[in-house]
1. Restricting attention to segment 17-39, and to residues there that are outside any helix (DSSP H, G or I) and touching a helix residue (DSSP H, G or I) at 6+ places or on another chain (Cβ under 7 Å), which single residue is nearest to residue 89 (Cα to Cα)?
2. Quick one: which helices (runs of 4 or more DSSP H) lie wholly within segment 54-119 and hold at least 1 residues that are buried (at least 23 other Cβ atoms within 10 Å of the Cβ)?
3. What helices (runs of 4 or more DSSP H), lying completely within segment 137-230, carry at least 1 residues that are within 19 Å of residue 105 (Cα to Cα) and at pLDDT 90 or above?
4. What residue, among those in segment 161-191 that are more than 14 Å from the chain's Cα centre (by Cα) and surrounded by 17 or more Cβ atoms within 10 Å (Cβ to Cβ), is nearest to residue 102 (Cα to Cα)?
5. Output the qualifying pairs, or none if there are none: Cβ atoms under 6 angstrom, residues six or more apart or on different chains, first residue in segment 129-146 and without any contact (Cβ under 8 Å) to a residue 40 or more places away in the chain, second residue surrounded by fewer than 22 Cβ atoms within 10 Å (Cβ to Cβ) and not in a strand (DSSP E or B).
């Protein structure tokens, strides 16, 4: 019998969470080797590695089936919330920590003017984060926005200790409204590709170009050119 049949869905390798790939294995070995400590300590180390070592970028993000694989995200070196959460979930399974993908709709009060135009407002569909099973319970982790980008948008970086949820702050460092969670679509043992990509294309058609890649641009440029909101 195939040994993979004994793995629970939250630990199994998938097309997208391809943690047995050379890229993911090398990433885990570099940032959370077996000698690095407990499962919690290694999960926290991987959180910061994904948050800081993989660039966050909406523009140009690859939404093809191959582009959303954890191994491809590492080769590309960048991605948006879905890409980075897929990578984190895969890396967790590589160290035998169960993981799931969580999809939500959010209102982002501090999105750039250009991104608001492309999205069609300030509500973003299918924002993704990760659910991690540590110490007998599930906790939420959002290894998405690196410190540099947070600084440009006056947002406190989201920290993770493996014990408490790491979610978006409702206010930024200046006291302005930042992020509201509006709806949770659910937790998934694998990326529900058709649901998510169809949902994004339907809700935000102007984000997509002629292919499976989002339109080109730069969040760093947006941050520098968008006037500050009160």
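The values are calculated or read from the model by the stated rules, or taken from the named source; none is laboratory data. Small disclaimer: the values here were computed from a predicted structure and weren't measured. Glycine also receives a Cβ, built like all others from the backbone with ideal geometry; neighbour counts cover every protein chain displayed.
1. At the first step, the residues of segment 17-39 found to be outside any helix (DSSP H, G or I) are 17-21, 32-33, 37-38.
Next, from what is left, pick out any that are touching a helix residue (DSSP H, G or I) at 6+ places or on another chain (Cβ under 7 Å): 17-19, 21, 32.
Numbers: 17: 7, 18: 10, 19: 9, 21: 14, 32: 14 Å.
So the residue we want is 17.
2. Numbers: elements: 70-76, 81-94, 113-119.
Fully inside segment 54-119 and qualifying: 70-76, 81-94.
3. Working: elements: 147-152, 193-203, 219-225.
Here the list reads 193-203.
4. 185
5. 139/165; 140/165; 140/167
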